[in-house]
1. Could you tell me how many of the residues in the range 230-248 are surrounded by 24 or more Cβ atoms within 10 Å (Cβ to Cβ) and either of a type in the set (Ser, Thr, Tyr) or free of Cβ contacts under 8 Å to residues at least 12 places away in the same chain (or both)?
2. Under the condition of being within 16 Å of LEU382 (Cα to Cα) and over 28 Å from the mean Cα position of the chain (by Cα), which residue from the range 441-458 is surrounded by the fewest Cβ atoms within 10 Å (Cβ to Cβ)?
3. Being exposed (fewer than 15 other Cβ atoms within 10 Å of the Cβ) and either outside any helix (DSSP H, G or I) or not basic (Lys, Arg) (or both): is that true of ALA329 here?
4. In the range 534-546, what residues are surrounded by 18 or more Cβ atoms within 10 Å (Cβ to Cβ) and of a type in the set (A, V, I, L, M)?
5. Just to be sure, is ILE365 free of Cβ contacts under 8 Å to residues at least 40 places away in the same chain and within 20 Å of TYR115 (Cα to Cα)?
6. Any idea which of (1) of a type in the set (D, E, K, R); (2) open to solvent by less than 50 Å² (accessible area, probe 1.4 Å); (3) part of a loop (DSSP other than H, G, I, E, B) is the one ASP83 doesn't satisfy?
7. What residue, of ASP465, ASP476, is open to solvent by 20 Å² or more (accessible area, probe 1.4 Å) and either of a type outside the set (Val, Ile, Thr) or closer than 20 Å to GLN6 by Cα (or both)?
8. Among the residues of the range 169-193, how many are aliphatic (A, V, I, L, M), open to solvent by 20 Å² or more (accessible area, probe 1.4 Å) and under 23 Å from the mean Cα position of the chain (by Cα)?
Amino acid sequence: MPALTQRQLRRRQALAAPLTSIDNPVVRRVLAQRGLAPLECELELHCLLPWHDLKDIQTAAACVIEALRGDQRILIVGDYDADGATGVALAVSALRQFGAANVDYLVPDRVRYGYGLSAQLAELVLARKPELVVTVDNGISSVQGIARLKSQGITVVVTDHHLPGESLPPADAIVNPNQAGDSFASKALAGVGVMFYLLLAVRHGLNQAGHFAPGKAPNMARHLDLLALGTVADLVPLDYNNRILVEQGLRRMRAGQARPGIQALIEVAGRKAAELHAGDLGFALGPRINAAGRLEHMDRGIACLLATSAAEAGLLAQELDQINQGRRAMQSEMQDMAIDQVVAGAGETDAAALCVRDERWHEGIVGLIASQLKERFHRPALAFARAADGSLKGSGRSIAGFHLRDALALLDARQPGLIHKFGGHAMAAGLSLGADDFEHFAQVFVDLCESTIAPELLRPDWASDGPLTEADVTVDTVLALRSAGPWGQGWEEPVFDNDFEVLDQRIVGGGHLKLRLRLGQGGAAIDAIAFGVDQELSAASVHLVYQLALNDYHRPPRPQLIVRGAVVA
């Protein structure tokens, strides 16, 4: 487990008055230390930001309304990850609910066409003969592809959340909270969230035009399960607006109101709908959708989300589960190779960034490898694989304080032509290089990181919510913390730290450290586990950083600590 110094462990300080409406004292403390305003405890739909604050959304909605009421052929062009898949499923199912009779979707093959509405993909779009194209989770950088569609007289609406490049595509309307001049207060919407807001505007316009019978406008709440899944899976920050969307979707799932495809994914993942929390979406459901886009084709994932019967959804969910098992095996092998490559490199683990490649790797998995390297070595990481066209496809993950997409843009300006294509966010980005350019790129990228990343950013920083007492470590506290969520990216699950006496320890399950600990003199034994740790602790007393969880293998369940690190003097 990570060895942390006292300097790397900092305590959160209370920034707000105690929230007296919340019963559990641990939860009150955790929320106060995050500076949560009392209003932000109210995760209700009426607290959502209004749709009309998004730039260009009225124009975009008008394009969709005209196509729907004119019975035009509508094509949704999505991305091949869970955010794109949920966004496509949302668009197709909602537009059909609005009465659209000619709506279909297209998602590019990851290996053959790459990301976005490229010029090559535009030819596939034209073969479908659409009259309106709406993008989901892509399009803001698809200048050539959209220009090709416009040259053929097709109306194009872009919905995206990625950062724009220097030039915007010539679309009829662009809905993206991150475009210049947009006043929407949340810049953290996922692609599925942007689509949801567009559909709210479309429903409003249709209702104003008398398209629905009085009082019969469709209830968009039925689609919140898709919002929750796509938002959590895409690792966007869970700001207040996103927490509302995720919490409302989770409530529907817990109440048994999830669509058949999501219910089937819950079952195949071995989860209980009534006990579902945000972590299950990110670590159990999302990966099964993503696996289809990584290794085969996202059509299978979208088909599962659009399934109308439990039987159809069950078969598709089983297929996705099998694909995900293959993904996990492939990832494990690639991950070991990547770590060996980093460790074998002279001084590479001391560099400010990591770049790895291997001809045998699958390009659909390199993002996961970069993520694992970033977590293990706490520095920006890029992993590359050979693409079908002979180029190198890379995916990167970054650390807090280093904007990866902006760094690639700076490098592109300094070294014109070195990077063929790139795009992404502060924390994640994708790019392509020439087949022989890896060594040069790796050197200049590491040099850039060395000159711009402050050394303290390369040290893990655990923000602890402080110590707990033995009386705090209860099932009620675990459940109260869960209910105070959803927790996720930018709104991290609470972390605590304490001194413990080690009563017993052993390695279990092929590489996990199982512990029995005591908190305080004469206290009861507490279960704990450190995942991925295959060495026992060398001391009888330790200071541990941990999260609270439930051990569901026992009946009734009991609290368990998930150990994240050991603090050294």
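1. 1
2. Taking the candidates together, the pick is GLN443.
3. The answer is yes for ALA329.
4. LEU537, VAL542, LEU544, VAL545
5. Values: free of Cβ contacts under 8 Å to residues at least 40 places away in the same chain: no; within 20 Å of TYR115 (Cα to Cα): yes.
So ILE365 does not fit the description; no.
6. Failed condition: (3).
7. Criteria check complete, one pass: ASP476.
8. The qualifying residues number 1.
The values are calculated or read from the model by the stated rules, or taken from the named source; none is laboratory data. All values reported here derive from a predicted model rather than from experimental measurement. Backbone-built Cβ (ideal geometry, glycine too); neighbour counts: all protein chains shown. In case anyone asks, the SASA skips ligands and DNA or RNA and just uses the protein heavy atoms, side chains included. Shrake-Rupley method; radii C 1.70, N 1.55, O 1.52, S 1.80 Å.
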